[in-house]
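Undergrad: Please see the structure below; I have some questions.
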Amino acid sequence: MRALLQRVTRAAVRVDGQELAAIGPGLVVLLGVGHADDGQTADALARRVCELRIFEDADGRTNRSLLDVGGECLLVSQFTLYADTSRGRRPGFTDAAAAEPARALWLRVAEGIRAQGVEVGLGAFGAQMQVELVNDGPFTIWLDTADRDR
């Protein structure tokens, strides 16, 4: 799985002008699922999103997690995180998982985050969405589960 985490003061996702979800301070997580990903990968990523210490403490150091600050999460499917731009000018997406397994794992990540007590808002899987956010910092982190032992 590939996830782009953005620390935000607020964020919202809309489809056809209708707001699906909105959060206050917390994280926007753009999530892509690859062919080799499974339930264990989804569970590990959910824990990592919640436990990653990227929020400031009283001394201004990034020592606090989403759990520590009581933040919220907006989880948006983003198969384009698996774009292959190595050939020509048009990206290919063959490394992204097929829609149904990807959707199931995206929902499993959401449930894993919720299970830790974090409020989770969802985009619409496979839809054309408008994501609006105010990046706090800005502070953006790239996670790729292929780069880490599970």
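The values are calculated or read from the model by the stated rules, or taken from the named source; none is laboratory data. Remember, predicted model here, so these are calculated numbers, not experimental data. Reconstructed Cβ throughout: ideal geometry from the backbone, glycine too, with neighbour counts over all protein chains shown. These accessible areas exclude ligands, DNA and RNA; they are computed on the full protein's heavy atoms, side chains included. Shrake-Rupley method; radii C 1.70, N 1.55, O 1.52, S 1.80 Å.
Undergrad: Across region 137-147, in residue order, what do the Karplus-derived ³J(HN,Hα) couplings come to in whole Hz, using 6.51 cos²θ - 1.76 cosθ + 1.60 with θ = phi - 60° and x for Gly and Pro?
TA: x, x, 9, 10, 10, 9, 10, 10, 5, 5, 8
Undergrad: Using a probe of 1.4 angstrom, how much of the accessible area of the chain is carbon and sulfur, in percent?
TA: 45
Undergrad: Also: Kindly express, to the nearest 10 degrees and within the range 0 to 90, the angle between helix 39-51's C-alpha long axis and the longest C-alpha principal axis of the chain.
TA: Orientation of helix 39-51: about 30 degrees from the principal axis.
Undergrad: Ignoring ligands, DNA and RNA, how do Leu75, Leu30 rank by accessible area with a 1.4 Å probe, largest first?
TA: Working: Leu75 0, Leu30 25 Å².
Ranking Leu75, Leu30 by accessible area, largest first, yields Leu30, Leu75.
Undergrad: So if R0 is 25 Å, what FRET efficiency would Ala58 and Glu132 give, r being the distance between their Cβ atoms, rounded to the nearest 0.05?
TA: 0.25
Undergrad: I'd like the trypsin sites (Lys or Arg not before Pro) in region 56-88 restricted to DSSP loop residues with at most 12 other Cβ atoms within 10 Å, sorted by number.
TA: Arg61, Arg87
Undergrad: Still on this structure, please answer the following. Provide the solvent-accessible area of Asp68, counting protein heavy atoms only and rolling a 1.4 Å probe, rounded to the nearest 10 Å².
TA: Accessible area, nearest 10 Å²: 90 Å².
Undergrad: I've got another one for you. Suppose we keep just the DSSP beta bridges with both residues in the chain; what percent of those would be antiparallel, to 5? Can you show the working numbers first?
TA: Numbers: 27 of 36 bridges.
Taking every DSSP beta bridge within the chain, about 75 percent pair in antiparallel fashion.
Undergrad: Name the residues whose placed amide hydrogens come within less than 5 Å of the amide hydrogen of Asn63, ignoring near sequence neighbours (fewer than 5 apart) on the same chain.
TA: Phe55, Asp57
Undergrad: Here's a follow-up. Output the 0 to 90 degree angle, nearest 10, between the alpha-carbon long axis of helix 99-114 and the longest principal axis computed from the alpha carbons of the chain.
TA: Result, in degrees: 10.
Undergrad: Please name whichever of Gly92, Cys50, Pro25 sits farthest to the positive end of the charge dipole of the chain, dipole taken about the Cα centre and charges placed at Cβ: Lys and Arg +1, Asp and Glu -1.
TA: Checking the options against the dipole of the chain, the answer is Gly92.
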